[in-house]
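Data first, discussion second: the structure below is written as structure tokens.
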Amino acid sequence: MADVERHDYDVVVIGAGGAGLRAAIEADARGAKTAIVCKSLLGKAHTVMAEGGIAAALGNVWPEDNWKVHFRDTMRGGKLLNNWRMAQLHAQEAPDRVLELEEWGALFDRTKDGLILQRDFGGHRYARLAHVGDRTGLEMIRTLQDAAVAKGIDVFMECTLRHLLTDGERVTGAMGYWRQSGKLIAFGAKAVVLATGGVGKAWRVTSNSWEYTGDGIAMALEAGADLIDMEMTQFHPTGMVWPPSVRGLLVTEGVRGDGGTLRNKSGDRFMFKYIPAFFRAETADTEKEADAWYEDKKNNRRTPDLLPRDEVARAINSEVKAGRGTEHGGVFLDIATRRSADYIKRRLPSMYHQFKELADVDITKQQMEIGPTLHYIMGGIRVDPDTEAATVPGLYAAGEVAAGMHGANRLGGNSLSDLLVFGRRAGEAAAEYSKRARAPTVDDAQVSAYAQRMEAPFEKGGDENPYKIHSELQDTMQELVGIIRRRDELEEALARLERFRARAARASVTGSRVYNPGWHLALDLENLIGVSEAVTRSALIREESRGGHTRDDFPKTDPEWGTKNVVTRKRDGRLNITTEPIPKVPAELSALLGEDKPTGDAATGARTPVAAGDD
Amino acid sequence: MPDTQVWVWRGDASGGDFMPYRVEADEGMVVLDVVHRIQAEKAPDLAVRWNCKAGKCGSCSAEVNGHPKLMCMTRMNEFAPDEHITISPVKTFPVIKDLVTDVSFNYEKAKTIPPFKPKPRDPDGKRRMYQEDVERVQEFHKCIECFLCQDVCHVIRDHEENKESFSGPRFFVRLAALEMHPLDANERIDLIRAKHGLGFCNITKCCTEVCPEDIHITDNAIIPLKERVVSAHYDPIAWALRRMRGKKDEFAPPEPKPPSA
């Protein structure tokens, strides 16, 4: 038996971003003995980088706003592929979750009446995002972190959990290693909540940090759980492009929400060429109307700069492909023309700081150079909408790692609210489950087998540099499974992924087990490659263009595909990809969505750019 | 681009030394990029913490040429072409390995701070605060917990023995944020003096100088806290009123002074 530190809890929450912290707070409040296990120090998870705000129909700026409008915007933004029940719960509960943060000490920016101020964002009909300048994620994670610490919840920091333990029927715990010492650790748990975020580090140009290696998705898959919609990846339209060291770094959508305009190298406001039929009724089609909207939102339609992210990212990609991009392969984002230096510094302080310090650009005077960056995955673990239970008993998932809520494309601001709404629900359901579940029996043989797998890189004396494999993987996913996809390229990606897998098995590790990033990466590669395969295979099967998935060879949005989830399962060590019907929206909610469906060709940049959705 | 050479401290709790590494330089590179390139090409086990790479998470704190810095926000072009560049772990906390230190001191101190406790709501069930009232606390909420202020604070940097009874600038900022929160109703003044060691601070402003978020730690957090402690404990009228009201003092802090250069 390997030397493995052991702990037992009712509920183990893996991940300490917004969803994990909120889940743990809820599980603890409901009397479950709860642990939070996270790869980084507490308070450093990806939520801290969220900038623009948290979407909730509080109605503080627009009394007309309510959950029904938010539900509609979310579903239409997701190209109607969303799980309707999740979108409904999210829209209904987000306001309470935001107000709850205020009860725990969060300080959002205020309206003149002293209420929480809300800002405009892409795809939201009304100014809806509660925010703190452009550092909303920091406010949120610190508030949750302090609340969790005040409750005395046990936190295992810098501890990577790598495998779920199972008894053939249900989850019995999880296992991994302490990053600091390299020692192995196993948790027996009645319920496990995965809140591990996404897999952005499989791509070259990404806003995601090293932590985003698809751990939760890979662990769930290995434990037998279903994934859905893995082809749905979000390229945020505005990442930094220059200098090379900051390529991919996020530029908040708040820049456009607060008055920023996209232009190509000739200074043209190209977004007017890319307004899809699905959004035409609510989008300004002249510069005059778009400009007027900033001052008079009642009598003008919103600027196409604030179309949903998938539309804007594709438009930018098309402009660059057509030779109308900047010197460094991006387009311009300009807020200096419309807003004063004081306004920009007050509303967007970290954008000002980030460009000034890292790119020598003063955004109060100069244009920013931006381009799409892999930001988020809408796909992930299939969950029950009310309880966030995965398809394996005892397993729950919340936040980016779970799927369904955002359909084919997530609206900006809907992630932070997702974390809170479904984090809380997952924590509640996991705690309730743990009360009725019998004590788990941890299988020592399974623990030993996983221990061997984790220790293997030290013993094998491999000849492959894990950093090099990772770098080549990022290039492959960027080039072949990027913003625009094609059958032959996806097949080439699968062939390369197989080769990466073989090479990763020979990853070399030097040095001791104490805080050894080379070893950690060698182990992460398996998850990165495995989840990349699920994305690529799902992308291959969905022969249409919708939201975050655009096929050059199938540019049409196909109503038939709009009724299907792509489902990924792992059986006998192999991925099995099928399609299943998405749950039908009940009539009373369907009426909120409008009659029209997304149709037409997506702008792939392969031909003269036409508006996606044009007939 | 020419190569760049840096000296990185390699070692663990038992000791270590600076090791030279030469890697290719890119335009716009920051110190953290250089460290990553060293990891990828020369020293795969080089230990370093990082997350956001954009100055938002406070993970990659280190001492660059002896100055406490976020490696992700320190551009290589800040240094002269032939400058001898050293990268070492923060000094105030025990080394685990290479650039990674044991910062658990901070997480232990955080547990000792009485949490936010909200006042009752307005009669209509809402909570109202005005922008001008929240702004001074929002300054404190900018803290990214990089702990560079803790690193540079001489009360604990060179005096291990003070750590028991001194929480450091990070937590004075936290305490100030709670004390000045427009909705907070918890009691901390006694504790700030007795347990967190505010009296140890002699206002040298080193913390303010290194704060990457430009929080005026000394002027806006520490000095007003000191004044609150003094008022609560040594001003007999304030003391009596506080006892009668059973809550903390309500008075404005002094006008912020410009930070020292």
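The values are calculated or read from the model by the stated rules, or taken from the named source; none is laboratory data. Computed from a predicted structure; not experimentally measured. Cβ atoms come from the backbone with ideal geometry, glycine included; neighbour counts cover every protein chain shown.
Those strands (runs of 3 or more DSSP E) of region A:147-230 in which at least 2 residues are closer than 26 Å to A:PRO393 by Cβ and away from chain B (no Cβ under 14 Å), considering only elements entirely within it, cover A:159-166, A:171-178, A:184-194.
Residue count for region B:56-73 under the criterion of being surrounded by fewer than 22 Cβ atoms within 10 Å (Cβ to Cβ) and either within 8 Å of chain A (Cβ to nearest Cβ) or in a loop (DSSP other than H, G, I, E, B) (or both): the result is 3. The test for being within 30 Å of A:GLY482 (Cβ to Cβ) and part of a loop (DSSP other than H, G, I, E, B) does not hold for A:GLN354. Return the only residue of A:SER318, A:SER245, A:SER266 being of a type in the set (Gly, Ala, Ser) and within 14 Å of chain B (Cβ to nearest Cβ). Going through A:SER318, A:SER245, A:SER266 in turn, the sole match is A:SER245. One residue stands out in region A:440-472 among those that are out of contact with any Pro (no Cβ under 9 Å at 6 or more places or on another chain) and of a type in the set (S, T, N, Q): the one that is surrounded by the most Cβ atoms within 10 Å (Cβ to Cβ), namely A:GLN446. Listed conditions (1) hydroxyl-bearing (Ser, Thr, Tyr); (2) surrounded by fewer than 16 Cβ atoms within 10 Å (Cβ to Cβ); (3) facing chain A (nearest Cβ under 9 Å) are all met by B:SER14, apart from (3). Of all residues in region B:93-104, those that are at the interface with another protein chain (Cβ under 10 Å from one of its Cβ atoms) and part of a loop (DSSP other than H, G, I, E, B) total 4. The set of residues in region B:107-140 that are assigned to a loop (DSSP other than H, G, I, E, B), farther than 20 Å from A:PRO95 by Cα and not basic (Lys, Arg) comprises B:THR112, B:ILE113, B:PRO114, B:PRO115, B:PHE116.
Considering (1) surrounded by 18 or more Cβ atoms within 10 Å (Cβ to Cβ); (2) more than 7 Å from every other protein chain (Cβ to nearest Cβ), say which one B:TRP7 fails and leave the rest. Answer for B:TRP7: the failing condition is (1). With respect to the stated conditions, A:GLU51 fails to be more than 22 Å from the chain's Cα centre (by Cα), acidic (Asp, Glu) and within 11 Å of another protein chain (Cβ to nearest Cβ).
Just one of the numbered conditions (1) in a loop (DSSP other than H, G, I, E, B); (2) more than 8 Å from chain A (Cβ to nearest Cβ); (3) more than 16 Å from the chain's Cα centre (by Cα) is not true of B:VAL90: (3). The residue pairs whose first member lies in region B:91-107 and is more than 13 Å from B:CYS146 (Cα to Cα), whose second member is acidic (Asp, Glu) and not in a loop (DSSP other than H, G, I, E, B), and whose beta carbons are closer than 9 Å, counting only pairs six or more residues apart or on different chains, are B:LYS91/B:GLU63; B:LYS91/B:ASP151; B:VAL95/B:ASP12; B:ILE96/B:ASP12; B:LYS97/B:ASP12; B:ASP98/B:ASP12. Looking across region B:204-230, not a single residue is modelled with pLDDT under 95 and in contact with a strand residue (DSSP E or B) (Cβ under 6 Å, 6 or more places away or on another chain).
Taking every residue in region A:419-445 that is in contact (Cβ under 8 Å) with a residue 60 or more places away in the chain and assigned to a loop (DSSP other than H, G, I, E, B) and pairing it with any residue that is surrounded by 18 or more Cβ atoms within 10 Å (Cβ to Cβ) and aliphatic (A, V, I, L, M), at least 6 positions away or on another chain, the pairs with Cβ-Cβ distances below 6 Å are A:VAL442/A:LEU165.
Only one of the listed residues (B:GLU83, B:GLU27) is surrounded by fewer than 22 Cβ atoms within 10 Å (Cβ to Cβ), more than 10 Å from chain A (Cβ to nearest Cβ) and not polar (S, T, N, Q). That residue is B:GLU83. Taken over region B:8-29, the residue count meeting the criterion of being farther than 19 Å from A:GLN354 by Cβ and in a loop (DSSP other than H, G, I, E, B) is 3.
Reported count of residues in region A:547-586, each being assigned to a strand (DSSP E or B) and more than 14 Å from A:ARG486 (Cα to Cα), is 16. Restricting A:ALA35, A:ALA16, A:ALA27 to residues that are within 14 Å of chain B (Cβ to nearest Cβ) and either modelled with pLDDT of 95 or more or assigned to a helix (DSSP H, G or I) (or both) narrows the list to A:ALA16. For the condition within 16 Å of A:GLY407 (Cβ to Cβ), charged (D, E, K, R), in contact with a His (Cβ under 9 Å, 6 or more places away or on another chain) and in contact (Cβ under 8 Å) with a residue 24 or more places away in the chain, A:ARG546 does not qualify. The set of residues in region B:141-170 being in a helix (DSSP H, G or I) and surrounded by fewer than 16 Cβ atoms within 10 Å (Cβ to Cβ) consists of B:HIS154, B:GLU160, B:GLU161, B:GLU164, B:SER165.
A count restricted to region B:30-49 and to residues that are in a loop (DSSP other than H, G, I, E, B), surrounded by fewer than 22 Cβ atoms within 10 Å (Cβ to Cβ) and facing another protein chain (nearest Cβ under 9 Å) stands at 2.
Within the option set A:LEU575, A:LEU521, A:LEU497, being at pLDDT 95 or above and touching a His at 6+ places or on another chain (Cβ under 7 Å) holds for one residue only, A:LEU521. Residues of region A:85-106 that are under 18 Å from A:ARG347 (Cα atoms) and surrounded by fewer than 24 Cβ atoms within 10 Å (Cβ to Cβ): none at all.
Whenever a residue of region A:562-589 is more than 27 Å from A:ILE529 (Cα to Cα) and in contact (Cβ under 8 Å) with a residue 12 or more places away in the chain, its partners that are assigned to a loop (DSSP other than H, G, I, E, B) and of a type in the set (Val, Ile, Thr), lying with C-beta atoms within less than 8 angstrom and at least six residues away or across chains, give the pairs A:THR563/A:ILE582.
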